[in-house]
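Worksheet for the structure shown next.
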Amino acid sequence: MNTPRPSPKITRSKPRRAYWNEPTLGWYEKAFIFEILRGLGITGRVFFSNMGKWLTGRKGALTAYYPEEIRADYSPNNRGRHVLTTRPNGEVQCVACNLCATVCPAYCIEIVAAPNRAEPAHPKGPVRFEIDYSRCIFCGYCVEACPEDAIRMAKEVPTLPGFDRDDMWGKVDMLKGWQPASDPKKPYPAADAAQAAGTP
Ligand code: SF4
Ligand code: SF4
């Protein structure tokens, strides 16, 4: 017959160290009802504050059902979709220097450069300029890095939803669809001069 072995006695010279936070709930927290009421008070305050803003037409309480609706209250400084600025002759200002693609932290700009014989002053240009909007974080570094003011960001957001991943690539024709001369904050001198002279 096996007799149970006595368990060894552990003697500690120091008390066991506590690796957790001891619960510190007092009677107030343990009652829960007061904290529930406090939470409801915060929720109610935010709700009525937003309702007040909505009733008075102020910013902060509007919900846009994207993509069917687009917010109308973007800040003028919002970094939205990219635009490639163009020269008066309609060609993009970009000289395919690749600085924007180099500085882009998301590696989402792809440029293929080619010689542009028709423009002696700008002998290189992009035959392919694409931005992968599925990776872009709208940081604006590309705009900062460009030495030619060839890329800007308009306040409107890109219309991205589609059924194909290819729809998330911003290509030259799409990125060209904004004339810098219409930007009152940062006019494009050459285009303005051409317009003033009456040339297209
Ligand atoms: S906004 Fe930022 S992440 Fe987007 S393309 Fe420009 S540098 Fe890249
Ligand atoms: S957009 Fe500007 S920085 Fe980017 S390749 Fe063109 S000229 Fe260079």
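The length gained by stretching the chain between ILE36 and ALA18 to full extension, at 0.36 nm per residue less their Cα-Cα distance, is 3.4 nm. In this calculation the C-beta distance from TYR65 to ASP166 is compared with R0 = 30 Å, giving a FRET efficiency of 0.75.
Shown here for the range 111-151: GluC sites (Glu not before Pro) in loop regions (DSSP other than H, G, I, E, B) with at most 16 other Cβ atoms within 10 Å, namely GLU148.
In straight-distance terms, cross-link reach from LYS155 covers every one of the aspartates and glutamates whose alpha-carbon lies under 17 Å from its own, apart from those fewer than eight places away in the same chain; here that gives GLU69, ASP73, GLU144, ASP183. Using the average count of surrounding beta-carbon atoms within 10 Å as a protection proxy, the listed peptides 109-122, 71-84, 91-104, 38-51 rank, highest first, as 91-104, 71-84, 109-122, 38-51. Taking the Cβ-Cβ separation of ALA113 and PHE138 as r and a Förster radius of 35 Å, what is the calculated FRET efficiency to the nearest 0.05? It comes to 0.90.
Laboratory data are not the source of any read-out in this text; all were calculated from the coordinates shown. What you see is a predicted model, and the numbers here were worked out from it, not measured in a lab. Cβ: placed from backbone, ideal geometry, glycine included. Neighbour counts: every protein chain shown.
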